[in-house]
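The values are calculated or read from the model by the stated rules, or taken from the named source; none is laboratory data. Because the structure is predicted, anything quoted here is derived from the model rather than measured. Note that we place each Cβ from the backbone using ideal geometry, even for glycine, and neighbour counts take in every protein chain shown.
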């Protein structure tokens, strides 16, 4: 049975190999806006498909009000989805899951273009899936883990505390703390070209040059990107300007939109910030000229099973 | 597992139904805890559902109105609405399994809701209270709700760990006491997993005093509602789940 509401219809679906992936399809009460891509919402860490503080539910229902169909689903081994069998890596499992979700929307809804959206590990998964799937024409990436621990990162970290009176109450302890912070920042600096040693939810964090190349590949292929950060994960991102200074070419590209939610935490705990995020995504979806993505530099699309 | 929506057309509820692989004539409805505890306990409830279905139960876990994938907003939710939701879930489970009776299993505030729903229903034959909330004020404090001045006032609503706690819902939760677990309850398992082995004693004494047949089990285990899991069920409270399945079978 479907959930029927004035502005949307929701249907619980099981799809993929052996129907092991579970999701909720939210369809506008009217017709899907043919000019808009379909949206797929990806898990944030191990939070199941409803999203952090039900963010995905709110997003899906808001998008339906402007004629956009969404699928929020659980990756294998998360929420209600079964774990896959013999899969060599987490990354391959995630890529197959997302490809299955795209195939499901293609088959059941006639969808041809897709926007992937995720927070934290979901943002990471959105970017990597977009690199391997030329039916993806857009991605919304919130608090994507990245190589932002540059010298500016250290300066911002220290600068914020330098003049704070309480920071100087125990100078000995502070000296130890800052020494460790600097050493830690140096150590967590991923290598320039390859994967860093640090991981997020089992996903290797890319180095600066590599991630720059990935972003530019997507933008060069016509993929529209909305990149949003919060100050919620201080060890990942601690100043509005870090994305622009870390990835200047991508940040200057007309296909990339950027926003910084200075008042939000990582999981958008405050209702007002969730509403702001939903409004930002709706505005972006409404304004972007999503076209047919080019596949320059991207892998060939996976054929539906 | 079969995911589906059920209930009234204007306010459908999301349900996840596990049928017993080898068939069975018993049913169970699982009642989630509230707020952030719901998110954290989701994996444990999935494990419990699968374990019970393997033991021959038709199992339905579902999201209350305004939570999870169900219709509505939390701002419109109330204890009365959620008790109605449990009634709908009981009826749905009986339909799905062609059953005459079902068990209710509730964790934390879900335990209080399950007890309120079970009162006077002859088709609820067992009740499991998993670390139930029996002092609403302490519970609210434990999840970080700010302490209010006497009387509360119009502004008693707040946001707690990403959850909008309306004055109505806050009041509902605040009023949970031992008396919430009153007369007319079926055979009950009171399961505690904390470090103190005697934490269930006051509620057990109350249940016994009001004539409820009550079994107490203390099985120190991971607090399912307060622990973030790794992928694929790492670190689940298996001992507690097995204790429930053991008592149910």
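Being farther than 30 Å from residue B:48 by Cβ and either within 9 Å of another protein chain (Cβ to nearest Cβ) or not in a loop (DSSP other than H, G, I, E, B) (or both) is true of residue A:62. The number of residues in the range B:38-52 that are more than 10 Å from chain A (Cβ to nearest Cβ), out of contact with any strand residue (DSSP E or B) (no Cβ under 7 Å at 6 or more places or on another chain) and surrounded by fewer than 23 Cβ atoms within 10 Å (Cβ to Cβ) comes to 2.
Sub-8 Å Cβ pairs linking a first residue in the range A:267-290 that is within 14 Å of chain B (Cβ to nearest Cβ) to a second residue that is at pLDDT below 90 and surrounded by fewer than 18 Cβ atoms within 10 Å (Cβ to Cβ), at least 6 apart or interchain, are A:269/B:159; A:269/B:161; A:270/B:159; A:271/B:159, ordered by first then second residue. Hey, can you tell me all the residues within the range B:220-247 that are surrounded by fewer than 16 Cβ atoms within 10 Å (Cβ to Cβ) and either assigned to a strand (DSSP E or B) or without any contact (Cβ under 8 Å) to a residue 60 or more places away in the chain (or both)? If the condition is that a residue be surrounded by fewer than 16 Cβ atoms within 10 Å (Cβ to Cβ) and either assigned to a strand (DSSP E or B) or without any contact (Cβ under 8 Å) to a residue 60 or more places away in the chain (or both), then B:220, B:230, B:232, B:234, B:235, B:239, B:246 are the ones that fit. For the range B:5-14, the criterion of being within 15 Å of the chain's Cα centre (by Cα) and either modelled with pLDDT of 95 or more or more than 9 Å from chain A (Cβ to nearest Cβ) (or both) is satisfied by no residue at all. Within the range A:92-110, does at least one residue satisfy the condition of being more than 17 Å from residue A:46 (Cα to Cα) and not in a helix (DSSP H, G or I)? Yes; the residues of the range A:92-110 include at least one that is more than 17 Å from residue A:46 (Cα to Cα) and not in a helix (DSSP H, G or I).
crowded, with 22+ Cβ neighbours inside 10 Å, in contact with a strand residue (DSSP E or B) (Cβ under 7 Å, 6 or more places away or on another chain), more than 9 Å from chain A (Cβ to nearest Cβ) and over 20 Å from residue B:238 (Cβ atoms): is that true of residue B:29 in this structure? Yes; evaluated as a whole, the condition is true for this residue. Restricting B:35, B:24 to residues that are at pLDDT below 95, facing another protein chain (nearest Cβ under 10 Å) and touching a strand residue (DSSP E or B) at 6+ places or on another chain (Cβ under 8 Å) narrows the list to B:35. Can residue A:229 be described as away from every other protein chain (no Cβ under 14 Å), buried (at least 19 other Cβ atoms within 10 Å of the Cβ), at pLDDT 95 or above and out of contact with any strand residue (DSSP E or B) (no Cβ under 8 Å at 6 or more places or on another chain)? So residue A:229 does not fit the description; no.
Would you mind stating whether residue B:72 is farther than 15 Å from residue B:124 by Cβ, more than 12 Å from chain A (Cβ to nearest Cβ) and more than 15 Å from the chain's Cα centre (by Cα)? Write out each step before concluding.
Numbers: farther than 15 Å from residue B:124 by Cβ: yes; more than 12 Å from chain A (Cβ to nearest Cβ): no; more than 15 Å from the chain's Cα centre (by Cα): yes.
Judged against the criteria, residue B:72 is not a match.
Of the residues making up the range A:1-57, those that are assigned to a loop (DSSP other than H, G, I, E, B) and more than 11 Å from chain B (Cβ to nearest Cβ) are A:7, A:16, A:29, A:30, A:31, A:32, A:33, A:34, A:35, A:36, A:37, A:42. Among the residues making up the range A:66-105, those that are more than 24 Å from residue B:1 (Cα to Cα), in contact (Cβ under 8 Å) with a residue 40 or more places away in the chain and away from every other protein chain (no Cβ under 14 Å) are A:66, A:68, A:69.
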